[in-house]
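In what follows, a structure is listed as structure tokens, so that the remarks can point back to it.
The values are calculated or read from the model by the stated rules, or taken from the named source; none is laboratory data. Everything numeric here is computed off the predicted structure, so don't read it as measured data. Positions of Cβ are generated from backbone atoms using ideal geometry, with glycine treated the same way; all protein chains shown enter the neighbour counts. When the accessible area is computed, the model is the full protein with side chains, heavy atoms only, and any ligands, DNA or RNA have been set aside. Shrake-Rupley method; radii C 1.70, N 1.55, O 1.52, S 1.80 Å.
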Amino acid sequence: MSTVELTKENFDQVVTDNDFILIDFWASWCGPCRQFAPVYEGASERHPDLVFAKVDTEAQQELAAAFEIRSIPTLMIVRDNVAVFAQPGALPEATLEDVIGQARALDMDEVRKSIDDAKSGAEAETSTEA
């Protein structure tokens with residue numbers, strides 16, 4: 001599958017329609033981004049069942065700001081509408097493969113439960129402070 005270019009217009013649709021998306025936040029002037037591009041493209045060829053997407057942070061400044069991207073390249077993985085990984089820096093091929101494997105192995109029911117537990121804890125803490 002070829003890499004999908006994400007924009008503010010298609011972002012929600014692509015994330016909603018797909019269970020597992022890798023997103024590369026990049027810019028054309030960024031040397032490490034250019035170094036990471038062939039590694040990312042290679043992974044997209046090895047994992048045709050996953051959606052590989054790119055966000056040009058220059059053209060899509062609103063998206064980059066919404067995700068608080070401060071350094072590029074930044075790789076984000078979204079599973080079932082939950083961001084399960086986000087890390088700046090150009091990953092070597094072996095590390096990228098390891099991250100993909102770990103994200104595939106996640107029990108999303110457990111991830112959602114952890115998020116719900118964290119929210120409940122934060123809400124309880126907020127209500128006791130009031």
Of the candidates 4, 39, the one satisfying the condition of being touching an Asp or Glu at 6+ places or on another chain (Cβ under 7 Å), free of Cβ contacts under 8 Å to residues at least 60 places away in the same chain and among the aliphatic types (A, V, I, L, M) is 39
Okay, helices (runs of 4 or more DSSP H) sitting entirely in the stretch 11-104 with 3 or more residues that are open to solvent by less than 40 Å² (accessible area, probe 1.4 Å), I get 11-17, 31-46
